[in-house]
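Structure first, then comments.
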Amino acid sequence: MRDKILWILAIAAVALLTRDILVMVDLPPEKMQGAIFKIIFFHVPMAMTAMAACGVALIASVLFLVTKNFLYDALAVSVTEVGLAFLAANLITGSIWGRNQWGIWWAWDARLTSALVCWILYASYLMLRRAIDEPTQRATFSAVFSIFCFIDVPIVIFSIKWWRTQHPQPVFWGGGSIPAGWYAIALWQLLAMLLLGTVLTMIRLRDEESQREIESMRRMAHAF
Amino acid sequence: MEFFRQVFVIAHKDVRAELRTKEAVNASLAFALVILLLFSFAFDPESETTREISGGLLWIVFAFAGALILNRSFARELPNDCLDGLIAAPISGAALFLGKALANYALVVAVELVSLPVFSIFYNVHLGAQLPELLLVLALGAWALTVIGTMFSALTVNIRLREVMLPMLTYPILSPALMGAMRLTTDLVLGTAIGKDTVMWLKLLIGFDVMYTAAALMLVEFVLVG
């Protein structure tokens with residue numbers, strides 16, 4: 001059953017992505033930026049998907065601490081890894097755009113810095129997991145750390161507003177001026193990215209469960 | 001009331017144990033001095049620009065030197081299974097955490113108070129003008145460092161690569177607080193009082209302290225007991 005859902009979601013994600021890319025190809029180049037502006041249809045939805053992943057990781061971590069059900073731990077690690085990949089893609093697409101428009105790969109402006117801090121935070125979550133062998137301890141400690149990370153995200157993000165910023169002000173839902181049709185593309189693209197994220201998380205989750213199963217079988221074999 | 005008595009007992013025990021050996025404080029102070037020396041090679045210590053980044057330098061010194069104290073906080077309890085004894089004692093995890101955090105705080109602040117005048121002499125920085133506000137920023141920043149550091153000291157005490165993991169986990173989480181503390185300290189060292197532009201950084205520091213103290217007190221039980 002779960003495999004069927006996975007396949008349906010995967011096909012939907014690929015179909016939606018293909019459709020979005022075809023629509024984007026047809027868009028005329030922007031007056032100031034040329035064709036590079038189209039990167040925003042990946043850049044912004046990827047950031048949002050990464051943020052959604054952070055939220056799911058928080059919920060899964062809290063649920064693990066409350067229920068001690070290892071399924072939530074597996075979900076937390078899966079969704080964090082996928083979110084980290086999306087955030088990395090967000091940073092890379094932003095960097096490509098910055099090279100093209102600003103002439104530099106990286107600017108230490110607050111928004112970039114905060115995205116990087118978030119990336120490092122969740123990367124150290126994965127590092128923490130690797131340093132702990134005992135499964136219950138690993139799950140508990142990383143759940144606590146994940147909650148700490150999540151508290152940090154809004155603080156990091158709000159400090160943007162107080163630091164001078166070079167990053168363009170948000171064009172979607174931030175008072176920017178863009179043609180009306182672009183919202184629709186951005187929203188469809190957001191849906192595509194969320195679907196893609198869900199599919200990847202589900203695959204990773206299956207991985208994690210098999211891993212746990214193998215470990216418990218190994219322990220049983222040692223016991224005899 | 002009972003809770004605070006327990007906190008005090010733990011804090012008192014930790015400070016007394018540290019004062020007998022002075023191992024963490026001495027190491028931390030020596031380390032702070034070494035970093036201050038190394039900075040003098042990295043930047044021209046006489047120049048005006050060094051004063052403009054002095055807040056950043058100072059907080060890097062505090063954060064690095066503080067990590068040495070925080071690393072010892074729970075690791076000290078490992079020999080003779082003292083940690084198990086503390087966890088089994090009839091006190092809550094929150095009291096144990098808060099007691100340890102207060103002891104660490106005293107030590108971190110002590111190291112800061114010693115390295116501050118040294119820094120001021122070496123780098124020709126005048127602290128006098130805004131001293132009370134500077135001490136306030138120092139106190140708030142030190143608490144942020146302590147509360148995060150003590151929590152992660154408990155988290156990493158039993159895991160592989162403890163010494164590496166603690167800074168790896170602590171500094172990224174701490175980054176907004178460090179940003180605020182660095183910004184405020186630089187302004188205060190340059191003689192600018194906390195004004196309309198910078199008061200939000202002070203609020204950020206206070207908010208950070210309050211939020212993470214609350215989060216740590218709520219979650220520490222999971223870390224200590226499981």
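No value in this document is a laboratory result; all are computed from the given coordinates. All values derive from a computational prediction rather than experimental measurement. Positions of Cβ are backbone-derived with ideal geometry, glycine not excepted, and every protein chain shown enters the neighbour counts.
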If you count, for every residue in A:116-128, the Cβ atoms of partner chains within 10 Å of its Cβ, what is the mean? 3
How large is the charge dipole for the protein assembly as shown, taken about the Cα centre, if only the Cβ atoms of Lys, Arg (+1) and Asp, Glu (-1) carry charge, to the nearest 20 debye? 460 debye
Determine the distance separating the Cα centre of segment A:198-219 from the Cα centre of segment A:80-134; give it in Å without decimals. 26 Å
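What is segment B:2-225's relative contact order, in percent, from Cα pairs under 8 angstrom and six or more apart in sequence?
This gives 30 percent for segment B:2-225.
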Rounded to one decimal in nm, the spacing of the 7 Å Cα→Cβ label points at A:M32 and A:D207 is 4.0 nm
Three semi-axes of the equivalent ellipsoid, the protein assembly as shown, Cα gyration tensor, whole Å, largest first: 41, 33, 17
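Within 10 Å of each residue's Cβ, count the other Cβ atoms and sort B:T185, B:T146, B:T198, A:T136 from fewest upward. Intermediate values should be presented prior to the final figure.
Numbers: B:T185 23, B:T146 27, B:T198 19, A:T136 12.
Starting with the residue having the fewest Cβ neighbours, the order is A:T136, B:T198, B:T185, B:T146.
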So for the pair A:F70, A:W105, with labels modelled 7 Å out along Cα→Cβ, what separation do we get in nm? 4.1 nm
Counting Lys and Arg as +1 and Asp and Glu as -1, each charge on the Cβ, what is the dipole of segment B:2-225 about the Cα centre in debye, to the nearest 20? 380 debye
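Would you mind getting me the FRET efficiency between B:C82 and A:M1? Use the beta-carbon distance for r and R0 = 56 Å, nearest 0.05.
Numbers: r = 51 Å, r/R0 = 0.92.
Efficiency computed from Cβ-Cβ geometry: 0.65.
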For segment B:58-113 and segment B:133-173, what is the separation of their Cα centres, given in Å? 10 Å
Two decimals is fine: what's Rg over Rh for segment B:23-111, C-alpha atoms, Kirkwood radius as Rh? 1.15
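Using a 10 Å cut-off around each Cβ, can you sort A:W7, B:W59 from fewest to most neighbouring Cβ atoms? Write out the running numbers ahead of the final one.
Details: A:W7 11, B:W59 27.
The fewest-first ordering by Cβ neighbours comes to A:W7, B:W59.
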Percent breakdown of C-alpha pair distances by 5 Å bin, ordered from the shortest bin, for segment B:2-225: 1, 7, 15, 19, 19, 15, 11, 7, 4, 2, 0, 0
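Can you tell me how much longer the chain between B:F3 and B:L113 gets when fully stretched, taken as 0.36 nm per residue apart minus their C-alpha distance, in nm with one decimal?
That pair, B:F3 and B:L113, stretches by 36.7 nm at full extension.
With r as the distance between the Cβ atoms of A:V62 and B:S40 and R0 = 45 Å, compute the FRET efficiency 1/(1 + (r/R0)^6) and round to 0.05.
Numbers: r = 47 Å, r/R0 = 1.05.
E(calc), rounded to 0.05, equals 0.40.
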Quick check on segment B:139-216: what does the Kirkwood estimate of hydrodynamic radius come out to from the alpha carbon pairs, in Å? 13.4 Å
Any of B:K100/B:K203; A:K38/B:K196; A:K4/A:K68 with alpha carbons more than 31 Å apart? Name them for me. A:K38/B:K196
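Over all alpha-carbon pairs in chain A, figure out the percentage whose distance exceeds 21 Å. Numbers along the way, then the final one.
Values: 15168 of 24976 pairs.
When all Cα pairs of chain A are counted, 61 percent exceed 21 Å.
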Could you work out the Kirkwood radius for segment A:43-154, taking every pair of different alpha carbons, averaging 1/r and inverting it, reported in Å? 14.5 Å
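For B:Y123, A:Y122, B:Y212, what's the fewest-to-most ordering of other Cβ within 10 Å of each Cβ? Walk me through the intermediate numbers first.
Working: B:Y123 19, A:Y122 25, B:Y212 22.
Going from sparsest to densest Cβ surroundings: B:Y123, B:Y212, A:Y122.
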